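Student: A single structure is presented below for examination.
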Amino acid sequence: MTIDLTWAGWFTSIVVLYYAALFVVSLRRPGADTAPPGWESPLMIVVVPARNEEQVIGDTITNLRGLDYAGACRILVVDDASTDTTAALIAEHAAQDPRVRLLSRTAEQGGRGKSDVLNHAYRLIRDAALAGDPWLEGRGPSDIVYAIVDADGRLEKDSLSVVAPYFIDSSVGSTQVGVRIYNAGDSTLARMQDMEFVGFTYLVQIARDRIGSSGLGGNGQFTRLAALMTLGDSPWKMTALTEDLDLGLRLIEAGWRTRFCHHTTVAQQGLTKWRPLLRQRTRWIQGHYQCWSHIPRLARAKGASLAGRFDLVTYLFLVVTVVVISLSMTASVASSLGFVKITSSFLSFVPQGLPLRITSLVLSLLPLATFMLTYQKNSRHPYKWWEVPTFALVFSAYSYVWIVTTARAWTRMLLRRNGWVKTPRVGTVAASAASLELVS
């Protein structure tokens, strides 16, 4: 049996060159948006979903209370029917700071996922804004930004001040900040996740901000309340496994701009065990495939540029790159065992000998070299120069986790399984409300 892998070679090379082009675009980085004199900063409402987060929630609220922001800031922490001391810890902070409020969900309401929590908080904030609630300073939906920080999130001290000017443009519906892993030094696994997030931020998101296709993440996401209101009563889709990606696409389809701010970051806790990491990445892959349903609407979204629409559709489709690589690897193993014969006319136009070897080497090493260069340049803790080759190889090996999680995601899709388990936290415990209203 003979298998022709010419198509796989061309596909992979196009993907490599595509991301190389994004890297080139990202090299020119605009300065942070700045506010004109006299401009009133929007009211920032930081919403923190929390379900059994006693190990991290105290530090997170402390971080949010210490942010440096000239405008008004409110912190709404949603206890999603926790069974530990999460609610009590939130209540302690609410008693000390009038900007902090606890929203407690009952046992009947709790446990339905992050989307349901975010929608619950959104409806309360929306109704309070429309009613002129004094806690919101009587601000209207266009002057309120709904920010999401996960229970393990840590914003930089000036994050709100840096992000706020992005909303001067009334067409901007949402802005995402970069993500880092604050426990990257705890284990090699956590460090690999830091490389993923920092690499993605500075290699892809900056370029996509320039062409109008930047995506949203679940942590460090800032969205104008008025933009959320155009998406109905439940902006976060309950069935979406990647509710952040889905929301960003829906905003673009509704005519809003999504931005990316690389001048500040949110730090979060990296996973230190393989099992929860595999579960998390499987959910991401499956949720990415779910978002294929957006492709027809994105292709005709009039509010987005042609380049932006092309990139969004391409980004959604390129999740199949893992499948192509997996098939190529499987065929190679089968060939080495003598079960099949592989042929390929890819690069047949390149002269044999040194030119062919150089071309093959460039295409093989370009993605990893570009990624490592990006990480070294933008990491808070770059590797020593002599460590780079070793950890480049370690990251290459780590990247095969996407093959495993893609197989798991495909299995779940074939079995029609769409549920997911909350990602566990680790840490130390920091130091009862039952209201459904915005009260302390």
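Student: Checking Ser336 against (1) over 24 Å from the mean Cα position of the chain (by Cα); (2) surrounded by 13 or more Cβ atoms within 10 Å (Cβ to Cβ): exactly one of these is not met. Which one?
Tutor: If we test Ser336 against (1) over 24 Å from the mean Cα position of the chain (by Cα); (2) surrounded by 13 or more Cβ atoms within 10 Å (Cβ to Cβ), just (2) comes out false.
Student: Ok, one more. Kindly list the number of the only condition in (1) out of contact with any strand residue (DSSP E or B) (no Cβ under 9 Å at 6 or more places or on another chain); (2) within 24 Å of Ser170 (Cα to Cα) that fails for Gly71.
Tutor: Unmet condition: (1).
Student: Would you say Val48 is within 25 Å of Phe260 (Cα to Cα), within 21 Å of the chain's Cα centre (by Cα) and assigned to a helix (DSSP H, G or I)? First the steps, then the outcome.
Tutor: Values: within 25 Å of Phe260 (Cα to Cα): yes; within 21 Å of the chain's Cα centre (by Cα): yes; assigned to a helix (DSSP H, G or I): no.
Answer is no for this residue.
Student: Look at region 124-164 and say how many of its residues are touching a Phe, Trp or Tyr at 6+ places or on another chain (Cβ under 9 Å) and of a type in the set (Val, Ile, Thr).
Tutor: 4
Student: With respect to Ala267, determine if the residue is surrounded by 15 or more Cβ atoms within 10 Å (Cβ to Cβ) and modelled with pLDDT under 95.
Tutor: Values: surrounded by 15 or more Cβ atoms within 10 Å (Cβ to Cβ): yes; modelled with pLDDT under 95: no.
So Ala267 fails the test.
Student: When you scan region 88-127, how many residues do you find that are among the hydrophobic types (A, V, I, L, M, F, W, C), out of contact with any Gly (no Cβ under 6 Å at 6 or more places or on another chain) and in a helix (DSSP H, G or I)?
Tutor: Applying the first criterion (among the hydrophobic types (A, V, I, L, M, F, W, C)) to region 88-127 yields 88-91, 94-95, 100, 102-103, 107, 117-118, 121, 124-125.
Now narrow it down to the ones that are out of contact with any Gly (no Cβ under 6 Å at 6 or more places or on another chain): 88, 90-91, 94-95, 100, 102-103, 107, 117-118, 121, 124-125.
Filter once more, so that each one left must be in a helix (DSSP H, G or I): 88, 90-91, 94-95, 117-118, 121, 124-125.
Looking only at that region, the number is 10.
Student: Could we say that Asp59 is out of contact with any strand residue (DSSP E or B) (no Cβ under 7 Å at 6 or more places or on another chain) and assigned to a helix (DSSP H, G or I) here?
Tutor: Numbers: out of contact with any strand residue (DSSP E or B) (no Cβ under 7 Å at 6 or more places or on another chain): yes; assigned to a helix (DSSP H, G or I): yes.
The answer is yes for Asp59.
Student: Still on this structure, please answer the following. Could you check how many residues of region 297-354 are aliphatic (A, V, I, L, M), in a loop (DSSP other than H, G, I, E, B) and in contact with an Asp or Glu (Cβ under 8 Å, 6 or more places away or on another chain)?
Tutor: Residues flagged as aliphatic (A, V, I, L, M), in a loop (DSSP other than H, G, I, E, B) and in contact with an Asp or Glu (Cβ under 8 Å, 6 or more places away or on another chain) within region 297-354 amount to 1.
Student: Let me confirm something: among Trp39, Trp7, which residue is loosely packed, with under 14 Cβ neighbours inside 10 Å, modelled with pLDDT under 90, more than 21 Å from the chain's Cα centre (by Cα) and of a type in the set (Phe, Trp, Tyr)?
Tutor: Step by step, each of Trp39, Trp7 is checked, and only Trp39 is loosely packed, with under 14 Cβ neighbours inside 10 Å, modelled with pLDDT under 90, more than 21 Å from the chain's Cα centre (by Cα) and of a type in the set (Phe, Trp, Tyr).
Student: Could you grab the pairs with beta carbons closer than 6 Å, sequence gap of 6+ or different chains, first residue in region 223-240 and buried (at least 18 other Cβ atoms within 10 Å of the Cβ), second one in a loop (DSSP other than H, G, I, E, B)?
Tutor: Pairs that qualify, where the first residue is buried (at least 18 other Cβ atoms within 10 Å of the Cβ) and the partner is in a loop (DSSP other than H, G, I, E, B), are Ala227/Trp256; Leu228/Pro235.
Student: It is to be established whether one or more residues within region 297-306 are of a type in the set (Gly, Ala, Ser) and at pLDDT 95 or above. Don't jump to the end; show me each part of the working.
Tutor: Let us first name the residues in region 297-306 that are of a type in the set (Gly, Ala, Ser), namely 299, 301, 303-305.
If we keep only those that are at pLDDT 95 or above too, we end up with none.
Checked against the condition, which is being of a type in the set (Gly, Ala, Ser) and at pLDDT 95 or above, region 297-306 yields no hits at all.
Student: Quickly run through region 346-368 and pick out the residues that are surrounded by 12 or more Cβ atoms within 10 Å (Cβ to Cβ) and either touching a Ser or Thr at 6+ places or on another chain (Cβ under 8 Å) or under 14 Å from Trp10 (Cβ atoms) (or both).
Tutor: Phe346, Leu347, Val350, Thr359, Ser360, Leu363, Leu368
The values are calculated or read from the model by the stated rules, or taken from the named source; none is laboratory data. The model shown is predicted, which means the values in this text are computed figures rather than measured ones. Quick reminder, even Gly has a Cβ in these numbers, built from the backbone with ideal geometry, and neighbours come from all protein chains shown.
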